[in-house]
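The values are calculated or read from the model by the stated rules, or taken from the named source; none is laboratory data. Keep in mind the model is a prediction, meaning the values are calculated, not measured. Cβ placement follows ideal geometry from the backbone for every residue including glycine, while neighbour counts extend to all protein chains displayed.
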Amino acid sequence: MTGGIAPGAGMCGWWPTGIPEHYHNNIVAGDALSFISSLPPASVPMFLFSPPYNLSARADGIGGFPNRGHYPADARMGARGGAGKWKGAALADGYTDHDDAMPPAEYAAWQRALLSACWAALSDTGAIYYQHKPRVLNGIVQTPLDFVPGLPVRQIVIWARAGGINFSPSFYCPTHEWIVVIAKPAFRLRDKAASGAGDVWYIPQESSTWHPAPFPLALAMTALETVRPAFVVDPFCGSGTTAKAAKSLGIGWIGNDKSAEYVARANAEVAAMPEPLFTQPPAVQVEMAL
Ligand SMILES: C[S@@+](CC[C@H](N)C(=O)[O-])C[C@H]1O[C@@H](n2cnc3c(N)ncnc32)[C@H](O)[C@@H]1O
């Protein structure tokens, strides 16, 4: 990391010099690529994020659903088997500031640019936890690996959800997603015991949050607890799940989202959480002290 790291004053996180102070334990509003590019090179120990999935892409006439959002408002979620698993009405509305309907090639180029920018900002012992999902398009499976621009993939962790909603006679209903771990050679888990979390995480999806597509708090908790970074960065922070998990574990966080509405709501919810009992020294610092 640049310039060594120091504990934040009475707050979560151990911060390298060069990270703007207003980023410390805060979620900011802006475009993800600009935000990531504003981070100093080799400064971030861990990225954890789930980008928009481009579920409404219709440029090739295949897949997705008409025009915007994850599902059209009249998609009859119950008929899709989805009611009660995700919040149907919220999904139907899509995101406030992103219609999730880019031409596929443009979307792939965007994802690769995002991961390249994360890689540049990643510390020498860091890892990117990239949460995305395989998806059948044109009868051929597209996987999150299609978006990784030649970076070293350490592992694919499976997030096994409690069921799925995309029923089709063309393929079995998908019930899992991936967390692609893209890591610098010196990246290590918190310790050997953390490996016991395994590479299949059985976690039901959230059904009671206001955001249309959050990942579960337990997913973020598992990722952070098994790495214990000095702080974590989520450039697509949505409802602030990563920030909430980090704060509850005494780990620092920086979030970003394009929607100012989501950012305000997420920051208010994180602020309302009790302060952690102590700031965890990051695993790498403990190792150095031993
Ligand atoms: C899959 S959701 C992330 C949900 C988040 N993990 C959570 O648990 O709430 C993707 C998020 O990306 C945001 N988004 C879309 N385009 C963006 C962009 N260009 N830059 C930053 N955020 C963007 C959306 O507003 C949405 O909140």
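See the values below:
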quantity: Which listed residue is touching an Asp or Glu at 6+ places or on another chain (Cβ under 6 Å) and not polar (S, T, N, Q), from P216, P212, P204; calculated: P216
quantity: Residues of region 177-216 satisfying the condition of being away from the ligand (no atom under 16 Å from the Cβ) and either part of a strand (DSSP E or B) or farther than 27 Å from T125 by Cα (or both); calculated: V181, I182, A183, V200, Y202
quantity: Long-range neighbours under 7 Å by Cβ, at least six apart or interchain, first residue in contact (Cβ under 8 Å) with a residue 12 or more places away in the chain and under 21 Å from G13 (Cα atoms) within region 244-264, second hydroxyl-bearing (S, T, Y) and more than 9 Å from the ligand (Cβ to nearest atom); calculated: G250/T279; I254/Y23
quantity: Qualifying residue in region 136-154 (condition: in contact (Cβ under 8 Å) with a residue 60 or more places away in the chain and closer than 18 Å to P52 by Cα); calculated: yes
quantity: Region 209-227 residues that are at pLDDT 90 or above, paired with ones that are basic (K, R) and more than 9 Å from the ligand (Cβ to nearest atom) (beta carbon under 6 Å, 6 or more apart); calculated: T226/R190; V227/R190
quantity: Residues located in region 217-262, provided they are near the ligand (Cβ under 10 Å from one of its atoms) and farther than 19 Å from H98 by Cβ; calculated: L217, L219, A220, A243, K244, A245
quantity: I165 being outside any loop (DSSP other than H, G, I, E, B) and either under 26 Å from A117 (Cβ atoms) or touching a strand residue (DSSP E or B) at 6+ places or on another chain (Cβ under 9 Å) (or both); calculated: no
quantity: Answer residue from region 94-149, given it is assigned to a helix (DSSP H, G or I) and of a type in the set (D, E) and is surrounded by the most Cβ atoms within 10 Å (Cβ to Cβ) among those; calculated: D146
quantity: Any hit, region 172-187, residues being surrounded by 18 or more Cβ atoms within 10 Å (Cβ to Cβ), farther than 23 Å from A213 by Cα, touching a residue at least 60 places away in the same chain (Cβ under 8 Å) and not charged (D, E, K, R); calculated: yes
quantity: W201 vs. criteria surrounded by 18 or more Cβ atoms within 10 Å (Cβ to Cβ), of a type in the set (A, V, I, L, M, F, W, C) and within 22 Å of I251 (Cα to Cα); calculated: yes
quantity: Test for A266: is it within 12 Å of the ligand (Cβ to nearest atom) and over 14 Å from the mean Cα position of the chain (by Cα); calculated: yes
